[in-house]
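The values are calculated or read from the model by the stated rules, or taken from the named source; none is laboratory data. Note that the structure is predicted; figures quoted are calculated from it, not measured. Because the Cβ atoms are built from the backbone with ideal geometry, glycine has one as well, and the counts that use them run over all protein chains shown. SASA here: full protein model, heavy atoms, side chains in, ligands and nucleic acids out. Shrake-Rupley method; radii C 1.70, N 1.55, O 1.52, S 1.80 Å.
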Amino acid sequence: MSVFQFDKVYESLRGMSRLWLGIGFFVFLQGCGSDEIKVEGEFADLQGEMRLLTVMPSLADTLSIAGQIQAGKVEWKIPALNIPAKVWIEAEGRRVIEFILDQKEGMRVDGTLKNDSVVVSGGKLEEEYAVLKRFLRENYQIPLEEIDWSISKMVGRRKRTSSDEKRLARLITLKGHYEHYRDAYIKKLIRANLSHELSLVLIEEELKDSVQVQRQLFRELNIENKNSNLYKVLENKLQ
């Protein structure tokens with residue numbers, strides 16, 4: 001099983017040795033075939049239609065698959081999709097969840113729609129990315145949210161003392177440091193795993209602020225499966 005190896009990738013993370021990382025054109029498709037991919041799910045409060053969508057790079061459009069629904073259970077049958085691919089589910093006029101589809105069978109999406117409690121299971125890359133997202137949230141996103149709250153509170157004061165101004169400046173500097181170190185960690189993680197397909201997701205999702213950085217890292221990649229939906233969509237986006 002592939003893993004993201006990042007021993008000594010970042011000094012502050014020493015002691016950790018590994019981290020699991022592993023619209024339009026509408027059609028209704030049924031039937032069986034050797035290349036068919038199946039995703040199943042169950043929702044306690046399912047009403048109406050649920051669709052699974054993915055960008056098709058060869059068509060420059062979005063493929064939409066209507067789910068077959070029965071007694072709260074739903075099944076999507078997807079034809080000849082080059083996995084891994086980024087897909088998402090829409091229901092009740094909104095996007096419910098987005099995830100990485102990398103298995104022909106065994107992936108599930110379960111939960112409730114009312115409180116957005118939806119969980120994806122059975123996908124190796126999705127499980128790896130979920131671990132990394134939790135790590136990034138705990139170590140960078142939560143501190144940044146707390147800093148932003150403090151900055152907002154300070155800026156909202158009608159009168160600020162010189163001490164307030166110094167504290168505000170320190171907070172802004174601290175925010176910049178967190179953002180810098182987060183991006184630096186992600187870049188180093190990608191460069192330590194140039195052949196891992198999850199690096200494609202990190203480039204697209206975690207480094208959105210700089211297309212130049214995305215292009216540079218994409219050129220450095222050594223992904224074996226260059227025909228996957230995941231690879232082609234990012235390649236087209238960065239042209």
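Would you mind counting up the charge near VAL96? Only other residues with Cβ under 13 Å from its Cβ, with Lys and Arg at +1 and Asp and Glu at -1.
With Lys, Arg at +1 and Asp, Glu at -1, the net is -3.
Mind listing the long-range amide H neighbours of GLU36? Cut-off is under 5 Å, sequence gap 5 or more, other chains count too, H placed in the peptide plane at 1.01 Å from N.
Amide H to amide H, under 5 Å and 5 or more residues apart or across chains, GLU36 pairs with ALA80.
Going by the alpha-carbon gyration tensor, a ≥ b ≥ c the square roots of its eigenvalues, is region 151-226 rounded (a/c under 1.5) or, if a/c is not under 1.5, prolate (a/b greater than b/c) versus oblate?
The shape class here is prolate.
Please list ARG219, ARG137, ARG51 in order of solvent-accessible area, largest first, computed with a 1.4 Å probe with all protein chains present.
From most accessible down to least: ARG219, ARG137, ARG51.
In terms of the Cα gyration tensor, with a ≥ b ≥ c the square roots of its eigenvalues, is region 107-199 rounded because a/c is under 1.5, prolate because a/b exceeds b/c, or oblate?
oblate
For region 37-126, what's the relative contact order in percent, using C-alpha pairs closer than 8 Å and at least 6 residues apart?
Answer for region 37-126 is 32 percent.
Using all C-alpha to C-alpha distances in the chain, build P(r) with 5 Å bins and read off the rounded percent in each one.
That works out to 1, 6, 12, 15, 15, 14, 13, 10, 7, 4, 2, 1, 0, 0, 0, in percent per bin.
What number comes out for the charge environment of HIS177, summing +1 per Lys or Arg and -1 per Asp or Glu over other residues with Cβ under 12 Å away?
Counting the neighbours of HIS177, the net charge comes to +1.
Using amide H atoms built in the peptide plane, which far-off residues or other-chain residues are under 5 Å from MET107 H to H?
It is GLU40, by chain and number.
Cβ under 12 Å from GLN214's Cβ, GLN214 left aside: what net charge do those residues give with Lys, Arg +1 and Asp, Glu -1?
So the environment of GLN214 carries a net charge of -2.
Which whole-Hz couplings ³J(HN,Hα) result when phi for each residue of region 223-239 is put into the Karplus expression 6.51 cos²θ - 1.76 cosθ + 1.60, θ = phi - 60°, listed in order with x for Gly and Pro?
7, 5, 8, 7, 9, 5, 4, 4, 5, 5, 5, 5, 4, 5, 5, 9, 5
Decide, for region 66-109, between rounded, prolate and oblate: order the square roots of the alpha carbon gyration tensor eigenvalues as a ≥ b ≥ c, take rounded if a/c falls under 1.5, and otherwise choose prolate if a/b is larger than b/c, else oblate.
Oblate, because a/c is 1.5 or more while a/b does not exceed b/c.
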